[in-house]
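For reference, the structure discussed in these notes is given below.
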Amino acid sequence: SMAIDKVMTKRLLLAEGLPTPRYVLLRRGAYSPADVAAVPDALGLPLIVKPPREGSSIGVTKVKGYSEMQEAEKLAAREALAHDAGADDDREQGGAAAEFGRNGASWHIHVDAIKAMTRRSISSRTAR
C-alpha cells in the first residue's frame, strides 16, 4: 500500500494542500553523522525518526534531545534495510525519515482515505 511509504504519503498530502509536519529524508549512503546531528536544528524538537517504508511503529523513535538522534537514525535505518531487502532498486533501500513531532494529539489517517485521495489526485491530473 502506498500509505506504508511515509515520504510518498507526505508528498501526496502536501500536493492536496493538506498540512503535514516538516520532514527530512535521509537516503541510505547519502548522509553523514554530521547530517544526522543537524536534523534537530532543521526540524526542531521533539521529532520522530522512522523507517521511510515500514508499517506500525517498527523502528520508530521519539527524539527529545540531540543525544538521542544518532541512535534513533541507526534503528530506523536498520529496520528499513531489513524491510527493503527485497527491493529492486538498491538506492531506495534503508535510510531514515525524520519529522517534527509536535506535543499533543497524534493524527492517524486511514489507508482507505489515502487511497481515495490518490485516485482523486490522479483523476484530476489526467483530466487536465
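Quick one: how many residues across the stretch 14-29 are in contact (Cβ under 8 Å) with a residue 40 or more places away in the chain, assigned to a helix (DSSP H, G or I) and under 15 Å from residue 97 (Cβ atoms)?
The qualifying residues number 0.
Go through (1) closer than 20 Å to residue 75 by Cβ; (2) more than 10 Å from the chain's Cα centre (by Cα) for residue 48 and report which single condition fails.
(2)
For residue 42, are the conditions met, namely being open to solvent by 40 Å² or more (accessible area, probe 1.4 Å), under 14 Å from residue 99 (Cβ atoms) and either polar (S, T, N, Q) or part of a helix (DSSP H, G or I) (or both)? Step through it out loud before you land on a result.
On the way: open to solvent by 40 Å² or more (accessible area, probe 1.4 Å): yes; under 14 Å from residue 99 (Cβ atoms): yes; either polar (S, T, N, Q) or part of a helix (DSSP H, G or I) (or both): yes.
So residue 42 passes the test.
Confirm whether residue 58 is of a type in the set (Val, Ile, Thr), in a loop (DSSP other than H, G, I, E, B) and either surrounded by fewer than 20 Cβ atoms within 10 Å (Cβ to Cβ) or at pLDDT 70 or above (or both).
Numbers: of a type in the set (Val, Ile, Thr): yes; in a loop (DSSP other than H, G, I, E, B): yes; either surrounded by fewer than 20 Cβ atoms within 10 Å (Cβ to Cβ) or at pLDDT 70 or above (or both): yes.
Yes, satisfied.
The values are calculated or read from the model by the stated rules, or taken from the named source; none is laboratory data. Model, not experiment: these values are computed from the prediction. Cβ sites come from the backbone with ideal geometry, for glycine too, and all protein chains shown count toward neighbours. The accessibility values were calculated without ligands, DNA or RNA, using every heavy atom of the protein model including side chains. Shrake-Rupley method; radii C 1.70, N 1.55, O 1.52, S 1.80 Å.
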